[in-house]
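Worksheet for the structure shown next.
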Amino acid sequence: MLAFIHTHYYQYLSQFILYIEEINDFDDFAEFTSTQLQQADDDSSDSEGGDTFLSSLQSRVKQVEEDSNKLPLMILDTMLPRQILQIQIQHPTLKSLMKHRYRQEIPTLGMLGMAKLSTGQTLPLKTGVEVEIIQMDKPTDTLPSDISDNGEEPWDISLRAGRRFIIDGDIDKTEEGWTEAQVKFLDSTTEEEEEVSEASKPSMEDSSGMSTVGDRMSVARAISKAKQFTQPNGNMKNNASLIERWIELAKENERHPGQIDVLLKQLGDIPPEHEPTERALWVGSLINPLPSMGVATEIRPQLLVSKKAEQRVQIALEGLLKSIKHMDGSARLW
């Protein structure tokens, strides 16, 4: 049976945030500072009945599209694709949400984490991940006597993170008490293709048309940097790659035997170097596992909100190197 994250999550969940007000004040924290159907023009078929049918069909198509990109929202922890979070919940509204979503063919909801600004203020991120409920059971462990939520029976929940998304519409509160939002799902390949495409557009400020908007070599550099994760590194013991060295050290620091092997099985193989964003996200999931091992700085929020592949790879590289130096004792983080 699964081992679950305990007291601090109970307390966190008892303060489950159902947010509506001031949601439009969120920025994307990038720097961590303060078909529609076309009606026919054939006049011979332009009747009131035809208009009504087309209008109804348009409305139904639009509703299907909106529903497919609408997610209930949960603010708990920053997660990255491939990660699995195991929690125990008691909050009545959260339990109602889980029960409602579990009836779906693919039971998913949106998970948002928190970002800490330079002012010390914390706000929910606008970017999150879609999580699938992969297990929902009554707990096998006895609930601590000092934790109670109106006598509610706790549930053990396992959530697996999948697609990234950004909130792309209004936040609405449902009759049941939770919040939902229209989201835009993000695809790494599409993002990188758009990054190159946008960078290659001629600048309107340059009459020669030779300059470009942005840096069209940025993705190429991201791919080159992404190779560093798995290529032999002369600065590492036995010329190991950064990933190999981190795994070696992490197994010496794991909190229980087999922890890293389980983590690696959950994450699967590291994505290829020509997918730099996916590589960076994989590394973030590795060094910031759930529950935390306490051997690396938190980089997941930065990875989620960064706009460019090169930024994501650089964040992952720096986080990985700092974690290695912390574990081998050459530069302790704390």
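Got a sec? What order do Asp261, Asp51 fall in by accessible area at 1.4 Å, biggest, i.e. largest, first? Present the calculation step by step, with values, prior to reporting the outcome.
Details: Asp261 85, Asp51 60 Å².
Largest accessible area first, the residues go Asp261, Asp51.
Enumerate the calculated ³J(HN,Hα) couplings along the range 96-109 in order (Karplus 6.51 cos²θ - 1.76 cosθ + 1.60, θ = phi - 60°), each rounded to whole Hz, writing x wherever the residue is Gly or Pro.
Going residue by residue, I get 5, 4, 4, 5, 4, 6, 5, 6, 6, 4, 10, x, 10, 8 Hz, with x marking Gly and Pro.
Please report, in cubic angstrom per residue, the volume enclosed by the convex hull of the alpha-carbon atoms of the range 290-334. Please report the intermediate quantities before stating the final value.
Details: hull volume 3.0 nm³, N = 45.
Each residue corresponds to 68 Å³ of Cα convex hull volume.
Can you give me the long-range amide H partners of Gln83? Hydrogens built in the peptide plane at 1.01 Å from N, cutoff under 5 Å, separation of 5 or more residues or another chain.
Ala161
So which GluC sites (Glu not before Pro) in the range 219-265 are both in a DSSP loop and have at most 13 other Cβ atoms within 10 Å of their Cβ?
Here no GluC sites (Glu not before Pro) fit, given the DSSP loop and packing criteria.
Provide the gained length on full extension for the span Asp215 to Thr297, in nm with one decimal, where the gain is 0.36 nm per separating residue minus the Cα-Cα distance.
Residue separation times 0.36 nm, minus the Cα-Cα distance, leaves 26.6 nm.
Please tell me which of these pairs span more than 27 angstrom C-alpha to C-alpha: Lys225/Lys307; Lys116/Lys227; Lys184/Lys227; Lys173/Lys308; Lys225/Lys325?
Violating the 27 Å limit, Cα to Cα: Lys116/Lys227; Lys184/Lys227; Lys173/Lys308.
Using a 1.4 Å probe and ignoring any ligands, DNA or RNA, find the accessible area of Lys126 and quote it in Å² to the nearest 10.
Using a 1.4 Å probe on the heavy atoms, I get roughly 70 Å².
Using the Karplus curve 6.51 cos²θ - 1.76 cosθ + 1.60 with θ = phi - 60°, work out ³J(HN,Hα) for each residue of the range 110-115 in order, rounded to whole Hz, and write x for Gly and Pro.
Once θ is set to phi - 60°, the couplings for the range 110-115 become x, 10, 10, x, 10, 10 Hz.
Work out how much length Lys138 to Ser241 would gain on full extension: take 0.36 nm times their residue separation and subtract the Cα-Cα distance, in nm to one decimal.
Answer, rounded to one decimal: 32.8 nm.
Among residues other than Lys308 whose Cβ falls under 11 Å from its Cβ, what is the net charge (Lys/Arg +1, Asp/Glu -1)?
Net charge in that neighbourhood comes out at -4.
Taking all pairs of different Cα atoms in the range 210-319, averaging 1/r and flipping that mean, what Kirkwood radius in angstroms comes out?
14.8
Keeping all protein chains in the complex and leaving out DNA, RNA and ligands, what accessible area do you get for Lys251 with a 1.4 Å probe, in Å² to the nearest 10?
Accessible surface of Lys251 is approximately 90 Å².
The values are calculated or read from the model by the stated rules, or taken from the named source; none is laboratory data. As the structure is a computational prediction, the values presented were derived from the model and not from experiment. Because the Cβ atoms are built from the backbone with ideal geometry, glycine has one as well, and the counts that use them run over all protein chains shown. The protein model used for the area step is the full one, side chains on, heavy atoms only, and it has no ligands, DNA or RNA in it. Shrake-Rupley method; radii C 1.70, N 1.55, O 1.52, S 1.80 Å.
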